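In what follows, a single structure is set out as structure tokens and then discussed.
The values are calculated or read from the model by the stated rules, or taken from the named source; none is laboratory data. Note that the coordinates shown come from a computational prediction; the quantities given were computed from them, not determined experimentally. With ideal geometry, Cβ positions are generated from the backbone for all residues, glycine too; neighbour counts draw on all protein chains shown.
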Amino acid sequence: MDQYAVFGNPIAQSKSPVIHQHFAEQTGQQLEYGAQLAEISDFKSKVAAFIQSGGKGCNITAPFKELAFELSQSVSEEARIAGAVNTLIFKGDYIVGDNTDGRGLIADLKFHNVPMQGKRILLMGAGGAARGVLLPLLAENPQKLIIVNRTVEKAQQLAELIDSPVKICGVGYADLADKPFDLIINASSASLSDQLPPLKANLLNKDTICYDMVYRAANTPFNQWAIDNGVETTIDGLGMLIEQAAVSFEIWRGIRPKTSALRQLLRDQLLRAA
Ligand code: ATR
């Protein structure tokens, strides 16, 4: 049977095996998907051993996404801009790297009927998570994409890296004009440490859609802040997790699984565990 796996450290908490086994059952695909713990020192040799044992592909999570990028003999444009790979495809010994986070984010935004074309979008953060979603966001043709980051230079450098017809610029939080955005995406890691980026409330109104790429049972600090300031639609990153996996699955197996049932299942699990 075709073998797949997710590599990470820690890995026990990963939902990827459950997600991919669900996709396999739903689409009638014969495959096994496991979890592999690695260290920085043995990540590359463990991937090589996985290929030798018949592995067809794998997902990569923290802290190995940059190492997976190095390991890849060719990469997608998204992975190149991100400098990070979350999906490896093995064609014999030849290793292709892709990054499905951005396509996963867009699929989740579309699942929630969030319009992007012609809209003003604010992307918070300029680290790996923000870099990973930049190209697919621009492909939706927003009117303007502003990258805002605590360290302004990183936002500016990221904006300069991109060759796009969409207006894009990198700024600091203090530089943001007091005009509401249509969509604000939190790609900073602030929520992971229960922090809130220094945002002013006049950057949103009730129609602004706020999206936090982090998910948890309760509202993230950013989404709670948005709700407290009158925003009607907030979305967290659980759907993005599922959709980026669906994109990986499609790359490997040529069939795109449906995500509705799994969304409900994982949300229920999350709430029960809280
Ligand atoms: P990731 O891979 O999750 O993107 P990263 O590459 O370490 O992690 O990047 C973290 C991002 O979150 C950075 O853009 C960081 O801002 P700085 O570049 O200024 O460090 C941002 N970040 C982290 N904590 C933050 C906070 N409390 N407020 C605003 N931005 C924060």
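Filtering the stretch 240-274 to residues that are in contact with a Phe, Trp or Tyr (Cβ under 6 Å, 6 or more places away or on another chain) and in a helix (DSSP H, G or I) leaves only 249. Scanning the stretch 85-119 for residues that are touching a Pro at 6+ places or on another chain (Cβ under 7 Å) and among the charged types (D, E, K, R) gives 103, 119.
Inside the stretch 181-195, residues that are of a type in the set (Asp, Glu) and within 12 Å of the ligand (Cβ to nearest atom) make up a count of 1.
Every condition in (1) under 30 Å from residue 218 (Cβ atoms); (2) modelled with pLDDT of 95 or more holds for residue 169 except the one numbered (1).
Against the conditions (1) small (Gly, Ala, Ser); (2) closer than 24 Å to residue 117 by Cβ; (3) away from the ligand (no atom under 12 Å from the Cβ), where does residue 170 fall short? Just the number, please. If we test residue 170 against (1) small (Gly, Ala, Ser); (2) closer than 24 Å to residue 117 by Cβ; (3) away from the ligand (no atom under 12 Å from the Cβ), just (3) comes out false. Where strands (runs of 3 or more DSSP E) fall wholly inside the stretch 36-133, no range has 2 or more residues that are free of Cβ contacts under 8 Å to residues at least 40 places away in the same chain and touching a Cys at 6+ places or on another chain (Cβ under 8 Å).
Just a yes or no: is a residue in the stretch 149-162 away from the ligand (no atom under 11 Å from the Cβ), over 20 Å from residue 104 (Cβ atoms), assigned by TED's automatic domain parsing to the domain that holds residue 210 and surrounded by fewer than 16 Cβ atoms within 10 Å (Cβ to Cβ)? Yes; the residues of the stretch 149-162 include at least one that is away from the ligand (no atom under 11 Å from the Cβ), over 20 Å from residue 104 (Cβ atoms), assigned by TED's automatic domain parsing to the domain that holds residue 210 and surrounded by fewer than 16 Cβ atoms within 10 Å (Cβ to Cβ).
Within the stretch 139-157, residues that are among the small types (Gly, Ala, Ser) reach partners that are outside any loop (DSSP other than H, G, I, E, B) and within 16 Å of the ligand (Cβ to nearest atom) with beta carbons closer than 7 Å, at six or more positions or on different chains, in the pairs 155/147; 155/148; 155/170; 155/171. Residue selection: residue 214 fails the criterion of being outside any loop (DSSP other than H, G, I, E, B) and under 18 Å from the mean Cα position of the chain (by Cα). Taking the stretch 16-35 as the range and being part of a helix (DSSP H, G or I) and hydrophobic (A, V, I, L, M, F, W, C) as the test, the residues that pass are 18, 19, 23, 24.
Checked across the stretch 181-190, the condition of being over 18 Å from the mean Cα position of the chain (by Cα) and in the same structural domain as residue 108 (by TED's automatic domain parsing) holds for at least one residue. For residue 126, the stated conditions do not hold, so it cannot be described as assigned by TED's automatic domain parsing to the domain that holds residue 7 and within 12 Å of the ligand (Cβ to nearest atom).
In the condition set (1) assigned by TED's automatic domain parsing to the domain that holds residue 140; (2) within 16 Å of the ligand (Cβ to nearest atom), residue 111 is compliant with all but (2).
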